[in-house]
Amino acid sequence: MLRADFLAEEFRIYESRSAGADAVLLRASALPPELLARLVQAATSTHMAACVACANAAEITRAGAARAPVVVLDHSDLHLPVPPRTLVLVRSFSAEARGRADAALDPGLTDAASFRRALEEEDR
């Protein structure tokens, strides 16, 4: 599960993990480089994925410098270079994301019941 509200405090990382989150969302544009790196490290140390939302090449570079394992991009930004061994999560799926993104957010999955329904449909 991804905690989808943007976090800016280290405490929120630990709070997310204790609530069962597997990943947290950070915004590169909203965090100074030192804090971004500290939050990515906090997420990693708790075995969560730090997903850093980026809107341009400079923010992707900052995410890479912070060692973010996942960058989150809009489908229109999928042409931007991403550091090696970094997963790309696109905000919403579109045809142009196929082959360029590793995963896509599904806004329809808002709770456990909708997630279970999606898994059941996938099994059929």
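The values are calculated or read from the model by the stated rules, or taken from the named source; none is laboratory data. Source: prediction; values computed, not measured. Heads up, the Cβs are rebuilt from the backbone with ideal geometry, glycines too, and the neighbour counts pull from every protein chain shown. All accessible areas refer to the heavy atoms of the entire protein, side chains included, with ligands and DNA or RNA removed. Shrake-Rupley method; radii C 1.70, N 1.55, O 1.52, S 1.80 Å.
Here are some notes:
- Spin-label pair Leu109-Met1: with each label point 7 Å from Cα along the Cα-Cβ axis, the two points sit 1.3 nm from one another.
- Mean accessible surface per residue for the chain, computed with a 1.4 Å probe while every protein chain stays in place, in Å²: 60 Å²
- Hydrodynamic radius of the stretch 1-53 by the Kirkwood approach over all distinct alpha-carbon pairs: 10.4 Å.
- Here the chain exposes an accessible surface that is 54 percent carbon and sulfur, computed with a 1.4 Å probe and the other protein chains kept in place.
- Charge sum, other residues only, whose C-beta stays under 14 Å from Ala57's C-beta, Lys/Arg counted +1 and Asp/Glu -1: -2
- Accessible surface of Asp74, taken over heavy atoms with a 1.4 Å probe and every protein chain present, rounds to 60 Å².
- Among the protein heavy atoms, those of Arg17 account for about 80 Å² of accessible surface (1.4 Å probe, every chain in place).
- Length gained on full extension, Ser18 to Asp123, computed as 0.36 nm times the residue gap minus the Cα-Cα distance: 34.8 nm.
- For the chain, calculated [θ]222 nm from helices alone, where every DSSP H run of n ≥ 4 adds -39500 (n - 2.57): -10500 deg cm²/dmol
- Cβ-based net charge around Leu80, under 12 Å, with every Lys or Arg adding one and every Asp or Glu removing one: -2
- With every protein chain in place and a 1.4 angstrom probe, the accessible-area ranking of Thr61, Thr44, largest first, reads Thr61, Thr44.
- Among Asp111, Asp22, Asp102: highest mean-square fluctuation, GNM of the chain, C-alpha pairs under 10 Å: Asp111
- For Asp5, net neighbour charge (Lys/Arg +1, Asp/Glu -1) across residues whose Cβ lies under 13 Å away: +1
- For the chain, the fraction of C-alpha pairs more than 21 angstrom apart is 39%.
- Magnitude of the charge dipole, the chain, Cβ model with Lys/Arg +1 and Asp/Glu -1, debye to 20: 300 debye
- Cα centroid separation - the stretch 99-123 against the stretch 8-70, whole Å: 22 Å
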